[in-house]
Amino acid sequence: MPVRQFDGRRLFAARRAAGLTQGQLGSALGLSRPPVSDWEASKAVPGPEKFPAIARELGQDLDVLFPRLGESDLRDLRCDAGLTKAQIAGELGITRVPLDSAESGKRKLNNAYVAPLAKLYGVSQGELLAAQERSFGAPSSSPSPTEPSPQTLGQKITYLLKRRQDLSDQLIADAINQRAGFPAVDAAAVEALRTDDEASVEIRAGLPPDSLYHGLGDAFEVTPFYFAPGEELEQQILDRLEFLNLLRSGDISVAARGAHKGISSEMLATLSEVLLRHEEADN
């Protein structure tokens, strides 16, 4: 199992949040539109050495867009550097054979390659050698790859704080308040949110719609969709589809939330029209 996980749905959400078409993302990566479409539909997976470039073009943290499970081996270090074996071989003036052998756990690297490889990968020589040991079957000290990903809002904030230790509760509160338009939360409120304290329910209820997720997205520089529960995202999509359908038909009315169940045939027609329009735009 690869250390970095790929999810086409997450890529789709990040691309839309970045305001890019599939064609634009493909062009930025030196590709055409079809590969991006296949990735988002989970028909194909990009080579892991492309992950850093994809994250960079979408303005996302690599560890958020492609979460890491476990510690890096030699292949992972190379891919996180965004380099192919051919590129590394060219930089070192060697064939790919030593790299193939080391990454597959057959023969360790010549000592002469350790320092230049560490420099290319942006790691210390000690980190490179530790990754090599993992390529040869040494156990990882990281959590098991089966460890569940963050689910609650507090777990997601805590997970991201491990990578953004420069962020304090007050800085996060400032970002949320900027989105809310008034001093809605303070550092203590953010602490309650990241610990899933009972008070977090009341705190969230007092915030304007979307200000919490967008504020957190601003603070951590990730898509706000990351913080919303899946069922909440689904309901928002349904609500917007319903409103779009009413706009399309000219029959605007005020209805209670949750009054509709599922997607009507009219909503499906609207969705199909929107998707077709955007597909044509991508082309």
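Structure summary
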| quantity | calculated |
| --- | --- |
| Estimated dipole of segment 1-126 in Debye, rounded to 20 [Cβ of Lys and Arg +1, of Asp and Glu -1, Cα centre] | 180 debye |
| Extension reserve of the Glu202-Ser104 stretch, reckoned as 0.36 nm per residue once the Cα distance is removed | 30.0 nm |
| Cα pair distances in segment 61-195, grouped into 5 Å bins until the bin that holds the longest one, percent each | 2, 9, 15, 17, 13, 10, 9, 9, 7, 6, 3, 1, 0 |
| Segment 1-134 shape via C-alpha gyration tensor axes, a/c threshold 1.5 | prolate |
| Segment 1-150: relative contact order in percent, alpha carbon pairs under 8 Å with at least 6 residues between | 23 percent |
| Distant-in-sequence amide H partners of Asp210 (H built 1.01 Å from N, under 5 Å) | none |
| Shape of segment 18-89, Cα gyration tensor, a/c cut at 1.5 | prolate |
| Label-point gap, in nm, between Ala28 and Gln170 - each point 7 angstrom along Cα→Cβ | 3.4 nm |
| Sites Thr95 and Glu133 - FRET efficiency at Förster radius 25 Å, r taken between beta-carbons, to 0.05 | 0.60 |
| Nitroxide proxy distance, nm - points 7 Å out along Cα→Cβ at Asp63 and Thr195 | 2.3 nm |
| Rounded percent of accessible protein surface that carbon and sulfur make up, segment 74-140, 1.4 Å probe | 49 percent |
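The values are calculated or read from the model by the stated rules, or taken from the named source; none is laboratory data. It should be emphasised that the depicted structure is a prediction, and the values quoted were computed from it without experimental measurement. Every residue, glycine as well, gets a Cβ built from its backbone with ideal geometry; the counts of neighbours run over all protein chains shown. Ligands, DNA and RNA are excluded from the accessible area calculation, which covers all protein heavy atoms including side chains. Shrake-Rupley method; radii C 1.70, N 1.55, O 1.52, S 1.80 Å.
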